[in-house]
Each structure stands twice: as C-alpha cells, then as structure tokens.
Amino acid sequence: MTITDKDGKRVPGWQLVLRYVLLLAVLALTVGPFVWQLSTSLKGPTEDIFSSPPKFLPSHPTFGNYTRVADTIPVWDYALNSVKVAAANVVTNCVGAALAGYALARLRYRGRKAATLAFILAMLVPVEGIIIAQFTTMRDLGLNNTLIAVLLPGSIGAMNVLLMRNAFLNLPQEVEEAAFVDGANVWQRFLRIALPAVKGTLAVVAIFAFMGSWDDFLWPLIVLSDPDHFTLTIGLNYLHGTFANDERLVAAGTIIAVLPLIILFAGLQRFFFRGVGEGAVKG
C-alpha cells in the first residue's frame with residue numbers, strides 16, 4: 001500500500017518511520033509521566049514502584065492510597081477551595097475578556113490602539129515582577145488570606161482579551177452593519193450576533209482560565225496563611241512534606257489534582273479546537 005501526503009505525493013518509507021518514531025517520542029515525554037503517576041497511585045505498599053524495567057500495570061490495583069490521602073489531610077476541602085476560585089476565574093475571564101475584546105475589535109473611540117497596546121505589554125510583564133505590589137495592594141484592601149485575594153489578580157487575563165479581540169475581528173463586519181441598519185443597538189449586536197459566533201474562543205478562554213487558576217501555586221502560597229483557605233496546589237505541597245518517603249500517596253494526590261483538568265478538556269475539546277482557529281492572530 002502506498003502512503004501519500006495531503007498533496008498526493010508518495011511518502012518514502014524512511015520518512016514514515018521517522019514520523020512515527022518522533023510521534024512516539026513526544027507521546028512518551030508528554031503522557032509518560034502521567035501514566036507513571038497513575039500507575040504508582042494504584043500500587044499497594046508491597047509492590048515495588050522503582051522496578052527495572054519499569055512496570056506500569058499494578059499487580060494488585062488498589063484505591064487505598066486515595067483513601068489514605070483523604071483520611072490524613074483535608075484534600076477535598078482544598079479541592080473545593082480550588083473549585084471556587086477556578087469557577088469564579090472562568091466567569092470573570094469569559095465575561096470580562098468578551099466585553100473588552102468586543103470593545104477593542106468593534107467599537108470606535110479615541111485611544112483604542114493604545115488600549116490594545118497596553119494589553120499586549122501587560123503580557124510581557126513577568127508575574128514575579130509585580131507580585132510584591134499585588135501583595136501590598138491586597139493587604140491594604142484587607143483581603144489577604146481570603147479566596148478573593150487569590151482570584152482578583154487573574155480575574156481578567158490580557159491574553160484572553162486579545163484572543164476574544166481576534167475572534168471578533170474575524171467575524172464579517174457586514175452582518176453587524178445589517179443589524180445596525182435594522183435598529184439593533186450595540187448590546188443587541190454583541191449578545192445576539194457576535195457572542196454566539198465566538199463560542200469556540202470562549203471555550204478556549206474558559207479552559208485557559210480554569211487551568212491557570214487551578215495550577216497556580218506561587219500566588220496562593222504568598223497570600224494565604226490559614227490552612228482552611230488553602231487551595232489544592234498548596235495542600236499538595238503539604239502532602240509532599242508529610243509523605244516525603246511515600247511516593248504512592250504523592251502520586252494519588254497528583255492524580256486528584258489533574259483529574260478535573262482532564263474532565264474539563266474532554267468536555268470542551270470540540271469547542272477548544274474550533275476556538276483556536278477563531279482566535280488566530282490577526283493584525
């Protein structure tokens with residue numbers, strides 16, 4: 001059987017082999033650590049997790065490590081705090097980025113280019129460079145050691161605003177002009193015409209916002225001091241310190257942290273890949 005590329009040209013056998021080798025190498029580098037963590041979390045205390053060659057399939061799979069994690073530290077309370085922050089972050093980013101992106105793409109006003117440039121420059125500023133200013137601001141507002149303080153700095157991401165701007169720019173201008181002639185005001189054009197057409201980019205923004213909030217470690221570590229308000233990433237750090245010699249429990253905690261991200265992406269992947277095209281860079 002002859003293998004051809006998208007242009008109909010025959011692909012030599014050695015190129016085909018090289019492509020599969022590279023794909024398998026990338027797959028091993030990206031998925032391999034997760035599979036190892038999953039395997040380790042399901043292995044019992046008598047099973048060797050550092051065997052050579054590595055053994056990925058547990059001889060006697062058990063969920064005991066997950067139960068022990070939940071019995072020892074309030075991992076579900078930490079997870080609930082993370083869910084609260086991440087869900088609020090998704091809402092604020094989707095609403096704020098959509099409104100700001102539409103204003104940058106469709107509205108005509110003085111300073112629009114300067115506002116766009118400000119969002120671009122905001123992405124260039126490293127988080128570590130402003131984290132002290134963020135901390136003092138939250139302290140002055142009396143919000144330190146609260147989940148609101150964890151939420152606020154990332155409530156509207158500059159990258160998400162630019163993604164939404166590009167998605168709105170890709171929409172045909174004539175559709176909104178026709179609605180304008182029919183008497184639709186700017187809110188009606190935004191809510192009924194523009195926003196439904198960029199649902200894919202909204203899904204991308206939702207995934208990025210959830211992942212950014214869920215995985216954030218440095219900022220919650222700085223602003224939170226009460227264990228009752230710890231998010232899951234901070235709690236997992238405590239787990240690692242408590243069970244430094246028990247990799248099985250650390251692996252179980254890691255899987256608990258990663259599982260919501262996998263479920264979210266699986267549920268929104270159809271919109272995600274469509275949204276990547278909608279939000280492609282446009283000048």
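The values are calculated or read from the model by the stated rules, or taken from the named source; none is laboratory data. As the structure is a computational prediction, the values presented were derived from the model and not from experiment. All Cβ positions, glycine included, derive from the backbone under ideal geometry; neighbour counts span all protein chains shown. These accessible areas exclude ligands, DNA and RNA; they are computed on the full protein's heavy atoms, side chains included. Shrake-Rupley method; radii C 1.70, N 1.55, O 1.52, S 1.80 Å.
With just the Cα atoms of the stretch 1-137, tell me how far they stretch along each of the three principal axes, in Å, largest first.
66, 60, 26
By accessible area of protein heavy atoms, probe 1.4 Å, what ranking do F50, F135 get, highest first? Numbers along the way, then the final one.
Working: F50 140, F135 60 Å².
If we order F50, F135 from most to least accessible, we get F50, F135.
In Å², what does the accessible area per residue of the chain work out to with a 1.4 Å probe? Don't skip to the end; give the middle numbers.
Numbers: 16700 Å² over 283 residues.
Dividing the accessible area of the chain by its residue count gives 59 Å².
For the chain, what is the per residue volume of the convex hull drawn over the alpha-carbon atoms, in cubic angstrom?
Here the figure is 207 Å³ per residue.
Using a basic spin-label model with each label point 7 Å from the Cα along Cα→Cβ, how many nm lie between L121 and V181?
4.1
Residue by residue through the stretch 70-81, which ³J(HN,Hα) values in whole Hz follow from phi under the Karplus form 6.51 cos²θ - 1.76 cosθ + 1.60 (θ = phi - 60°), with glycine and proline marked x?
For the stretch 70-81, the Karplus-derived couplings read 5, 6, 8, 10, x, 5, 6, 5, 4, 5, 5, 4 Hz, x marking Gly and Pro.
If you plug each phi of the stretch 222-235 into the Karplus form 6.51 cos²θ - 1.76 cosθ + 1.60 with θ = phi - 60°, what whole-Hz ³J(HN,Hα) values come out, in order, with x for Gly and Pro?
Karplus-based 3J(HN,Hα) across the stretch 222-235 equals 7, 8, 9, 10, 7, x, 5, 9, 4, 8, 5, 5, 5, x Hz.
With a 1.4 Å probe and all protein chains in place, put T4, T116, T254 in order of accessible area, largest first.
T4, T254, T116
I'd like the orientation of helix 13-41 relative to the chain: the angle between its Cα long axis and the longest Cα principal axis, in ° from 0 to 90, rounded to 10.
For 13-41 against the chain, the angle is about 70 degrees.
Place the peptides 257-267, 90-100 in order of packing, highest mean first, counting for every residue the other Cβ atoms within 10 Å and averaging per peptide.
90-100, 257-267
Of the options T233, P54, N166, report the single residue whose Cα projects farthest towards the positive end of the charge dipole of the chain (beta-carbon charges: Lys, Arg +1; Asp, Glu -1).
Checking the options against the dipole of the chain, the answer is N166.
Give me the percent relative contact order of the chain, please, defined on Cα pairs under 8 angstrom at least 6 residues apart.
28
What FRET efficiency do you get for R192 and Q269 if R0 is 25 Å and r is their Cβ-Cβ distance, rounded to the nearest 0.05?
According to the calculation, E is roughly 0.40.
Can you give me the relative contact order of the stretch 1-101 as a percent, contacts being Cα pairs under 8 Å and 6 or more apart?
RCO, the stretch 1-101: 15 percent.
Determine the relative contact order of the stretch 76-162: mean sequence separation of Cα pairs under 8 Å and six or more apart, normalised by residue count, in whole percent.
56
Considering only protein heavy atoms and a 1.4 Å probe, what is the carbon-and-sulfur percentage of the accessible area of the chain?
Ligands and nucleic acids excluded, carbon and sulfur reach 68 percent.
Nothing charged except the Cβ atoms of Lys and Arg (+1) and of Asp and Glu (-1): what's the magnitude of the dipole of the stretch 35-183 about its Cα centre? Round to the nearest 20 debye.
340
Tell me the mean residue ellipticity at 222 nm calculated for the chain from its helices only (DSSP H runs of n ≥ 4, each -39500 (n - 2.57), averaged over every residue, nearest 500).
Helices in the chain give a 222 nm mean residue ellipticity of -22500 deg cm²/dmol.
In the chain, with Lys and Arg counted as +1 and Asp and Glu as -1 at Cβ, which of these residues, F119, G13, W36, has the Cα nearest the positive end of the dipole, that is, farthest along it?
G13
For K55, list the lysines whose Cα falls under 16 Å from its own Cα; do not include residues on the same chain fewer than 8 positions away.
The reachable lysines, counting only those whose Cα sits under 16 Å from K55, are K43.
Can you tell me the Rg and the Dmax, both Å, for the Cα atoms in the stretch 93-159?
Cα-based Rg and Dmax for the stretch 93-159 come out at 14.2, 41 Å.
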